[in-house]
Amino acid sequence: MPQEAASSSSDAGQATMSVSCGRCQQTTLVQRPVNCSVFEFGCPSCNTKNRVSGSVDAKCGSCLRIVGIQPPAGNGGRISFSCPLCHKISTTTVPKVVSARCSRCSSLSQVTVPDGSTSYTFSCVHCDTLNQVTEPYSVMCTFCRRSVQVERPSGGVDFTFPCPHCGMQNRVNDNPVDLVVKLPENYRQGDTIRIDTPEGLKLEREVPSGASSGGNITISYQPRKLARELAQERLPLHTITDGELDRAPEEYNECPICMEEYRVGDTLGFFPCFHRFHEKCAKNSLSESTRCPMCNEDFHEASTKGEKMLSMTSCDKTQA
(Lines give C-alpha, C1' and ligand atoms only; values in the text may rest on other atoms or scores of the structure.)
Protein backbone atom coordinates (compact mmCIF):
# COMPACT_ATOMS: atom_id res chain seq x y z
CA MET A 1 0.00 0.00 0.00
CA PRO A 2 1.25 3.56 -0.70
CA GLN A 3 0.84 4.59 2.96
CA GLU A 4 3.05 1.76 4.20
CA ALA A 5 5.69 2.54 1.58
CA ALA A 6 5.61 6.19 2.54
CA SER A 7 5.96 5.39 6.21
CA SER A 8 9.12 3.37 5.71
CA SER A 9 10.56 5.75 3.15
CA SER A 10 9.95 8.81 5.36
CA ASP A 11 12.29 7.27 7.92
CA ALA A 12 14.89 7.03 5.16
CA GLY A 13 14.65 10.72 4.34
CA GLN A 14 11.95 10.45 1.67
CA ALA A 15 8.81 12.59 1.23
CA THR A 16 5.64 11.38 -0.51
CA MET A 17 4.08 13.69 -3.06
CA SER A 18 1.01 13.59 -5.29
CA VAL A 19 1.94 14.60 -8.87
CA SER A 20 0.24 14.64 -12.27
CA CYS A 21 1.76 13.42 -15.53
CA GLY A 22 2.27 16.22 -18.01
CA ARG A 23 1.12 14.00 -20.87
CA CYS A 24 -1.82 11.85 -19.68
CA GLN A 25 -2.68 13.95 -16.58
CA GLN A 26 -2.81 10.78 -14.48
CA THR A 27 -2.20 11.50 -10.76
CA THR A 28 0.15 9.23 -8.88
CA LEU A 29 2.08 9.11 -5.59
CA VAL A 30 5.84 9.39 -5.85
CA GLN A 31 8.64 9.61 -3.34
CA ARG A 32 11.47 12.08 -3.50
CA PRO A 33 14.32 12.98 -1.12
CA VAL A 34 13.50 15.43 1.65
CA ASN A 35 14.54 19.04 0.85
CA CYS A 36 14.65 18.24 -2.87
CA SER A 37 12.74 20.86 -4.88
CA VAL A 38 13.55 19.43 -8.35
CA PHE A 39 13.11 15.73 -9.21
CA GLU A 40 12.03 13.37 -12.00
CA PHE A 41 9.48 10.55 -12.09
CA GLY A 42 8.17 8.10 -14.65
CA CYS A 43 4.41 7.96 -15.17
CA PRO A 44 3.18 4.40 -14.38
CA SER A 45 0.33 4.78 -16.92
CA CYS A 46 2.07 6.07 -20.06
CA ASN A 47 5.77 5.73 -19.08
CA THR A 48 6.38 9.44 -19.82
CA LYS A 49 9.36 10.91 -17.98
CA ASN A 50 8.30 14.03 -16.03
CA ARG A 51 10.29 16.64 -14.19
CA VAL A 52 8.91 18.60 -11.22
CA SER A 53 10.32 21.84 -9.82
CA GLY A 54 9.41 24.20 -6.99
CA SER A 55 8.10 21.57 -4.54
CA VAL A 56 8.58 22.08 -0.81
CA ASP A 57 8.39 19.86 2.27
CA ALA A 58 5.44 20.08 4.68
CA LYS A 59 4.45 18.16 7.80
CA CYS A 60 0.90 16.84 7.94
CA GLY A 61 -0.83 17.90 11.17
CA SER A 62 -2.83 14.65 11.33
CA CYS A 63 -0.51 11.76 10.38
CA LEU A 64 2.66 13.77 11.19
CA ARG A 65 4.43 12.57 8.04
CA ILE A 66 6.66 14.70 5.83
CA VAL A 67 5.11 15.13 2.40
CA GLY A 68 5.91 17.13 -0.69
CA ILE A 69 3.56 19.86 -1.90
CA GLN A 70 3.52 22.22 -4.87
CA PRO A 71 2.73 25.70 -3.47
CA PRO A 72 1.04 28.24 -5.74
CA ALA A 73 3.15 31.01 -7.25
CA GLY A 74 3.12 34.08 -5.03
CA ASN A 75 4.78 35.82 -2.11
CA GLY A 76 4.52 32.82 0.19
CA GLY A 77 2.97 32.71 3.66
CA ARG A 78 0.43 30.45 5.34
CA ILE A 79 -1.42 28.02 3.03
CA SER A 80 -3.63 24.95 3.37
CA PHE A 81 -2.84 21.61 1.70
CA SER A 82 -4.34 18.14 1.48
CA CYS A 83 -2.06 15.37 2.73
CA PRO A 84 -1.52 12.85 -0.10
CA LEU A 85 -1.42 10.00 2.45
CA CYS A 86 -4.24 10.57 4.95
CA HIS A 87 -6.11 13.16 2.84
CA LYS A 88 -6.62 15.47 5.84
CA ILE A 89 -6.28 19.25 5.50
CA SER A 90 -3.28 20.86 7.17
CA THR A 91 -1.60 24.24 7.08
CA THR A 92 2.03 25.21 6.61
CA THR A 93 4.19 28.24 5.85
CA VAL A 94 5.73 28.25 2.38
CA PRO A 95 8.43 30.47 0.84
CA LYS A 96 7.98 32.78 -2.13
CA VAL A 97 7.51 30.86 -5.39
CA VAL A 98 7.74 32.47 -8.83
CA SER A 99 7.38 31.33 -12.43
CA ALA A 100 10.73 32.03 -14.07
CA ARG A 101 11.40 31.84 -17.81
CA CYS A 102 14.51 30.12 -19.16
CA SER A 103 16.76 32.37 -21.22
CA ARG A 104 17.58 29.51 -23.61
CA CYS A 105 14.37 27.56 -24.31
CA SER A 106 11.84 30.14 -22.95
CA SER A 107 10.10 27.46 -20.86
CA LEU A 108 8.66 28.34 -17.43
CA SER A 109 9.88 26.75 -14.21
CA GLN A 110 8.52 27.06 -10.67
CA VAL A 111 11.34 28.51 -8.57
CA THR A 112 11.58 28.93 -4.80
CA VAL A 113 13.11 32.33 -3.98
CA PRO A 114 14.96 32.92 -0.68
CA ASP A 115 13.36 35.49 1.64
CA GLY A 116 14.42 39.05 0.88
CA SER A 117 16.39 38.02 -2.19
CA THR A 118 16.16 40.07 -5.38
CA SER A 119 18.68 37.94 -7.28
CA TYR A 120 18.65 34.15 -7.64
CA THR A 121 19.63 31.29 -9.93
CA PHE A 122 17.60 28.33 -11.14
CA SER A 123 18.07 25.31 -13.39
CA CYS A 124 15.53 24.98 -16.20
CA VAL A 125 13.41 21.84 -15.76
CA HIS A 126 13.36 21.30 -19.55
CA CYS A 127 16.89 21.97 -20.82
CA ASP A 128 18.94 22.12 -17.57
CA THR A 129 20.27 25.60 -18.42
CA LEU A 130 21.42 27.53 -15.35
CA ASN A 131 19.70 30.94 -15.32
CA GLN A 132 20.51 34.07 -13.33
CA VAL A 133 17.50 36.24 -12.46
CA THR A 134 17.42 39.73 -11.02
CA GLU A 135 13.92 40.80 -10.06
CA PRO A 136 12.82 44.29 -11.11
CA TYR A 137 11.59 46.73 -8.51
CA SER A 138 9.69 50.00 -8.69
CA VAL A 139 11.48 53.32 -8.30
CA MET A 140 10.23 56.84 -8.96
CA CYS A 141 11.92 59.10 -11.51
CA THR A 142 13.21 62.19 -9.73
CA PHE A 143 12.32 64.38 -12.73
CA CYS A 144 8.83 63.38 -13.92
CA ARG A 145 7.91 61.49 -10.68
CA ARG A 146 6.54 58.45 -12.53
CA SER A 147 7.14 54.88 -11.36
CA VAL A 148 9.67 52.88 -13.39
CA GLN A 149 10.43 49.14 -13.23
CA VAL A 150 14.21 48.70 -13.11
CA GLU A 151 16.58 45.81 -12.41
CA ARG A 152 18.89 46.33 -9.47
CA PRO A 153 22.46 45.01 -10.03
CA SER A 154 23.67 42.40 -7.57
CA GLY A 155 26.00 43.49 -4.79
CA GLY A 156 24.02 46.58 -3.73
CA VAL A 157 26.06 48.94 -5.94
CA ASP A 158 24.87 52.37 -7.07
CA PHE A 159 23.49 52.47 -10.59
CA THR A 160 21.81 54.75 -13.13
CA PHE A 161 18.81 54.16 -15.37
CA PRO A 162 17.06 56.19 -18.10
CA CYS A 163 13.43 57.06 -17.44
CA PRO A 164 11.29 55.63 -20.30
CA HIS A 165 8.78 58.48 -19.83
CA CYS A 166 10.94 61.61 -19.86
CA GLY A 167 14.30 60.20 -21.02
CA MET A 168 16.25 61.66 -18.08
CA GLN A 169 19.04 59.70 -16.39
CA ASN A 170 18.39 58.79 -12.76
CA ARG A 171 20.89 57.63 -10.18
CA VAL A 172 19.87 55.10 -7.54
CA ASN A 173 21.95 55.31 -4.41
CA ASP A 174 20.67 53.24 -1.53
CA ASN A 175 23.71 51.35 -0.35
CA PRO A 176 23.78 50.64 3.39
CA VAL A 177 25.64 53.40 5.22
CA ASP A 178 27.66 52.78 8.39
CA LEU A 179 27.53 55.85 10.64
CA VAL A 180 29.89 56.00 13.63
CA VAL A 181 28.29 57.89 16.53
CA LYS A 182 29.93 58.96 19.80
CA LEU A 183 27.65 58.30 22.75
CA PRO A 184 27.05 61.23 25.10
CA GLU A 185 28.06 60.82 28.72
CA ASN A 186 25.65 59.02 31.07
CA TYR A 187 23.91 57.13 28.23
CA ARG A 188 23.33 53.46 28.98
CA GLN A 189 21.98 50.35 27.28
CA GLY A 190 18.34 50.81 26.26
CA ASP A 191 18.43 54.62 26.30
CA THR A 192 17.22 56.36 23.12
CA ILE A 193 19.77 58.43 21.25
CA ARG A 194 18.73 60.99 18.61
CA ILE A 195 20.99 61.47 15.60
CA ASP A 196 21.03 63.80 12.60
CA THR A 197 22.35 61.82 9.64
CA PRO A 198 24.51 63.43 6.90
CA GLU A 199 21.39 63.32 4.67
CA GLY A 200 19.47 65.51 7.14
CA LEU A 201 17.34 62.68 8.53
CA LYS A 202 16.46 62.63 12.21
CA LEU A 203 17.10 59.10 13.41
CA GLU A 204 16.37 57.48 16.77
CA ARG A 205 18.10 54.33 17.99
CA GLU A 206 18.42 52.48 21.27
CA VAL A 207 21.89 52.20 22.78
CA PRO A 208 22.91 48.56 22.13
CA SER A 209 24.22 46.16 24.74
CA GLY A 210 27.92 46.36 25.39
CA ALA A 211 28.16 50.06 24.49
CA SER A 212 29.94 52.25 27.02
CA SER A 213 29.12 55.84 27.90
CA GLY A 214 31.30 58.18 25.86
CA GLY A 215 32.29 55.36 23.46
CA ASN A 216 31.46 54.87 19.78
CA ILE A 217 28.66 52.80 18.23
CA THR A 218 28.04 52.03 14.54
CA ILE A 219 24.57 52.48 13.06
CA SER A 220 23.74 50.97 9.66
CA TYR A 221 20.89 52.27 7.50
CA GLN A 222 19.81 52.73 3.87
CA PRO A 223 19.29 56.47 3.24
CA ARG A 224 16.47 56.29 0.69
CA LYS A 225 14.58 53.56 2.51
CA LEU A 226 14.99 55.31 5.85
CA ALA A 227 13.79 58.61 4.36
CA ARG A 228 10.60 56.97 3.05
CA GLU A 229 9.92 55.14 6.32
CA LEU A 230 10.46 58.23 8.50
CA ALA A 231 8.22 60.36 6.26
CA GLN A 232 5.39 57.84 6.59
CA GLU A 233 5.85 57.59 10.36
CA ARG A 234 5.93 61.38 10.89
CA LEU A 235 3.17 62.32 8.47
CA PRO A 236 0.80 64.68 10.38
CA LEU A 237 -2.78 63.39 10.31
CA HIS A 238 -6.10 65.19 10.77
CA THR A 239 -9.73 64.04 10.66
CA ILE A 240 -12.11 66.26 8.68
CA THR A 241 -15.04 67.85 10.50
CA ASP A 242 -18.28 69.14 8.99
CA GLY A 243 -17.39 72.79 9.48
CA GLU A 244 -14.03 72.44 7.75
CA LEU A 245 -15.62 71.18 4.54
CA ASP A 246 -18.02 74.12 4.48
CA ARG A 247 -15.21 76.68 4.92
CA ALA A 248 -12.67 75.09 2.54
CA PRO A 249 -12.29 76.59 -0.98
CA GLU A 250 -13.66 74.41 -3.76
CA GLU A 251 -10.19 73.48 -5.07
CA TYR A 252 -9.32 71.97 -1.68
CA ASN A 253 -12.39 69.72 -1.45
CA GLU A 254 -10.88 66.71 -3.26
CA CYS A 255 -7.71 64.62 -2.99
CA PRO A 256 -5.28 65.54 -5.80
CA ILE A 257 -4.05 61.92 -6.00
CA CYS A 258 -7.23 59.83 -6.22
CA MET A 259 -9.45 62.77 -7.32
CA GLU A 260 -12.18 61.73 -4.85
CA GLU A 261 -13.98 64.33 -2.75
CA TYR A 262 -13.19 64.59 0.94
CA ARG A 263 -15.93 63.51 3.34
CA VAL A 264 -16.58 64.19 7.00
CA GLY A 265 -14.58 61.66 9.01
CA ASP A 266 -11.88 61.14 6.36
CA THR A 267 -8.32 61.17 7.70
CA LEU A 268 -5.94 63.41 5.77
CA GLY A 269 -2.17 63.44 5.68
CA PHE A 270 -0.46 66.86 5.57
CA PHE A 271 2.92 67.28 3.91
CA PRO A 272 5.22 69.96 5.44
CA CYS A 273 4.64 72.02 2.26
CA PHE A 274 0.94 72.18 3.39
CA HIS A 275 -0.42 70.06 0.56
CA ARG A 276 -2.92 67.51 1.85
CA PHE A 277 -4.18 64.15 0.63
CA HIS A 278 -6.11 61.14 1.91
CA GLU A 279 -3.95 59.37 4.50
CA LYS A 280 -3.75 56.21 2.37
CA CYS A 281 -2.89 58.19 -0.78
CA ALA A 282 -0.23 60.20 1.06
CA LYS A 283 1.45 57.14 2.54
CA ASN A 284 1.35 55.25 -0.75
CA SER A 285 3.07 58.21 -2.40
CA LEU A 286 5.70 58.41 0.36
CA SER A 287 6.41 54.69 -0.01
CA GLU A 288 7.80 55.46 -3.48
CA SER A 289 9.20 58.98 -3.07
CA THR A 290 9.58 61.56 -0.31
CA ARG A 291 8.70 64.38 -2.72
CA CYS A 292 5.27 66.01 -2.71
CA PRO A 293 3.17 64.93 -5.73
CA MET A 294 1.98 68.54 -6.13
CA CYS A 295 5.03 70.78 -5.73
CA ASN A 296 7.90 68.23 -5.81
CA GLU A 297 9.34 69.58 -2.53
CA ASP A 298 11.10 66.97 -0.42
CA PHE A 299 9.26 66.00 2.78
CA HIS A 300 12.31 66.26 5.04
CA GLU A 301 13.69 69.43 3.48
CA ALA A 302 10.33 71.16 3.87
CA SER A 303 10.07 69.91 7.46
CA THR A 304 13.53 71.31 8.28
CA LYS A 305 12.62 74.68 6.72
CA GLY A 306 9.46 74.81 8.82
CA GLU A 307 11.38 74.06 12.01
CA LYS A 308 13.89 76.84 11.23
CA MET A 309 11.08 79.32 10.56
CA LEU A 310 9.40 78.41 13.85
CA SER A 311 12.72 78.75 15.66
CA MET A 312 13.34 82.21 14.15
CA THR A 313 9.80 83.33 15.03
CA SER A 314 10.28 82.11 18.60
CA CYS A 315 13.57 84.04 18.88
CA ASP A 316 11.96 87.24 17.56
CA LYS A 317 9.15 86.99 20.10
CA THR A 318 11.67 86.40 22.91
CA GLN A 319 13.75 89.44 21.91
CA ALA A 320 10.62 91.59 21.64
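The values are calculated or read from the model by the stated rules, or taken from the named source; none is laboratory data. On a predicted model such as this, the values are computed, not experimentally measured, just so you know. Note that each Cβ is placed from the backbone with ideal geometry, even for glycine, and that neighbours are counted across all protein chains shown.
The table that follows gives values for the structure above.
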{"read-out": "From the options 262, 252, residue that is of a type in the set (Phe, Trp, Tyr) and at pLDDT below 90", "value": "252"}
{"read-out": "When residues of the stretch 17-28 are limited to those that are part of a loop (DSSP other than H, G, I, E, B) and under 36 Å from the mean Cα position of the chain (by Cα), the one modelled with the highest pLDDT", "value": "21"}
{"read-out": "Within the stretch 215-237, tally of residues that are of a type outside the set (A, V, I, L, M), in contact with a strand residue (DSSP E or B) (Cβ under 7 Å, 6 or more places away or on another chain) and exposed (fewer than 14 other Cβ atoms within 10 Å of the Cβ)", "value": "4"}
{"read-out": "Helices (runs of 4 or more DSSP H) contained in the stretch 208-320 and holding at least 3 residues of a type in the set (Asp, Glu)", "value": "242-247, 299-319"}
{"read-out": "Flag for residue 127 being over 21 Å from the mean Cα position of the chain (by Cα), within 30 Å of residue 22 (Cα to Cα) and at pLDDT 85 or above", "value": "yes"}
{"read-out": "Residue match in the stretch 208-229 (condition: touching a helix residue (DSSP H, G or I) at 6+ places or on another chain (Cβ under 7 Å) and closer than 30 Å to residue 190 by Cβ)", "value": "yes"}
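Each row is one residue, and each column tells you yes or no for (1) among the hydrophobic types (A, V, I, L, M, F, W, C); (2) at pLDDT 80 or above; (3) farther than 21 Å from residue 217 by Cβ; (4) touching a strand residue (DSSP E or B) at 6+ places or on another chain (Cβ under 7 Å).
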residue	(1), (2), (3), (4)
152	no, no, yes, yes
155	no, no, yes, no
183	yes, yes, no, yes
200	no, yes, no, no
